[in-house]
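Enquirer: Before we start, here is the structure in question, set down as structure tokens.
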Amino acid sequence: MSVSPVSDDELGDAGRAFERYWSARTAVRSLRDRWPVVGVNRVLGNRSGMLRRTAAEAYLDQALDRPNLRVVPDCEVRRLEVAGRRRVTGVHTERFTVRAGEVVLAGGTLGTAQLLLASDLESLGGAAFLAAGEHRGLAVSYRRKEPAEPGMVLPTVLHTDDGLEIRCYRDDFATYIDGLPRSGSMVEVTAMHWSPVRLVAGDERVRLEFGEPSAEATAAMRAGADEVVEMLHSSEFAGIVVQDSVSVAAVPGFSQHAWGTMPMGVRTDALGAVHGTEGLRIVDGSILPTGGRSGPHATIMMVAVHIGNRLSDKG
Ligand SMILES: Cc1cc2nc3c(=O)[nH]c(=O)nc-3n(C[C@H](O)[C@H](O)[C@H](O)COP(=O)(O)OP(=O)(O)OC[C@H]3O[C@@H](n4cnc5c(N)ncnc54)[C@H](O)[C@@H]3O)c2cc1C
């Protein structure tokens, strides 16, 4: 799946002001480079024009002619079929049961946890929840003098050496999500540290219970938010931000990055095979051993491609 950086034309006024402000104070990654730096990093997107390219478009479409592949859309898997609390023999869906020598779960950290918690697997020891990591973030909100030009929601970010990702969102999220009340434009100060969340078994869906971020993450977020407030009061943002409209959230939100319920090296092997079971593999965010210093999506895709290649003997 190829990626490309947001172009200069797509930054919007807030993105341009953000990059002008920080480029006078820290390093800036060249648009030709892919590896993030401590400093300003233009966001890389897996998109064609303004549309995200999905994993299905990148990988599934080209495999649809395979005679041994059957894709069943709009069909929820309800539970694993398990023999003797150890051997996974298939899946039970809302419409039918599939028998298989091996099941590869790719339901995402939440979807896979739901299926694992609903299945009577000895290796999970009757657990009522699975622990995961999240990236918590403090929102620094402000009102704009003029509406933002339309464009990509997150064009540019700053990485700090104490593990923050400071995200310059272009506009109020309500501009992008129908039905969301307006809450102002936002710069989010996210601690790319492990913050705890529990995925608790529910009747139909797992429930998320958030723990407290560590003292280190909280201190880093608070210090980062102070710097962002200073930035929003700087001359670079004078034409954008309504005076006295800047406020810092009282409680950190979360990034929808939950990962690591079944970490590779602890609960699975290097190819996602689940320890203590037979015929069960997981290939999604559940197996990430760490959350990394950026969003997990690219890493999940990379690990999935690697495992796929190894299993098909290409890697
Ligand atoms: C609003 C939002 C913004 C995000 N922004 C970023 C970002 O900017 N950068 C970044 O790196 N990450 C971002 N993330 C996180 C990123 O999207 C996820 O980490 C990544 O998609 C996880 O990949 P996955 O393959 O593990 O699971 P998913 O992409 O969630 O795929 C799992 C699939 O399995 C399906 N499924 C689940 N359970 C079942 C079932 N029982 N039966 C049938 N199908 C099932 C789901 O419908 C889904 O299609 C964002 C997430 C959200 C929600």
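Enquirer: Kindly list the number of the only condition in (1) under 30 Å from Gly292 (Cα atoms); (2) within 16 Å of the ligand (Cβ to nearest atom); (3) surrounded by 15 or more Cβ atoms within 10 Å (Cβ to Cβ) that fails for Arg29.
Expert: (2)
Enquirer: Additional query: Residues that are modelled with pLDDT of 95 or more, among the β-branched types (Val, Ile, Thr), away from the ligand (no atom under 13 Å from the Cβ) and in the same structural domain as Ser214 (by TED's automatic domain parsing): does region 137-156 have at least one?
Expert: Yes.
Enquirer: Something else now. Just checking, which of Ala83, Ala24 is touching a Ser or Thr at 6+ places or on another chain (Cβ under 6 Å) and either loosely packed, with under 15 Cβ neighbours inside 10 Å or modelled with pLDDT under 95 (or both)? If you could, list the steps in order and put the result at the bottom.
Expert: Details: Ala24 fails: touching a Ser or Thr at 6+ places or on another chain (Cβ under 6 Å).
Result of the check over Ala83, Ala24: Ala83.
Enquirer: How many residues does region 265-307 contain that are within 14 Å of the ligand (Cβ to nearest atom), at pLDDT 95 or above and among the small types (Gly, Ala, Ser)?
Expert: 4
Enquirer: Please specify each residue of region 199-215 satisfying the condition of being without any contact (Cβ under 8 Å) to a residue 24 or more places away in the chain and either among the hydrophobic types (A, V, I, L, M, F, W, C) or over 13 Å from Leu110 (Cβ atoms) (or both).
Expert: Passing the criteria: Asp203, Gly211, Glu212, Ser214, Ala215.
Enquirer: Another question, then. In region 237-266, how many are in contact (Cβ under 8 Å) with a residue 40 or more places away in the chain and assigned to a loop (DSSP other than H, G, I, E, B)?
Expert: Restricting attention to region 237-266, the residues satisfying the condition of being in contact (Cβ under 8 Å) with a residue 40 or more places away in the chain are 237, 239-242, 245-249, 252-255, 257-262.
Filter once more, so that each one left must be assigned to a loop (DSSP other than H, G, I, E, B): 239-240, 242, 245-246, 249, 252, 255, 257-258, 260-262.
So the count comes out to 13.
Enquirer: Filter region 71-106 down to the residues that are small (Gly, Ala, Ser) and either outside the structural domain of Leu271 (by TED's automatic domain parsing) or assigned to a loop (DSSP other than H, G, I, E, B) (or both) and list them by number.
Expert: Listed by number, the residues that qualify are Gly84, Ala100, Gly101, Ala106.
The values are calculated or read from the model by the stated rules, or taken from the named source; none is laboratory data. For clarity, every value in this text was computed on a predicted model and none was experimentally measured. Cβ atoms come from the backbone with ideal geometry, glycine included; neighbour counts cover every protein chain shown.
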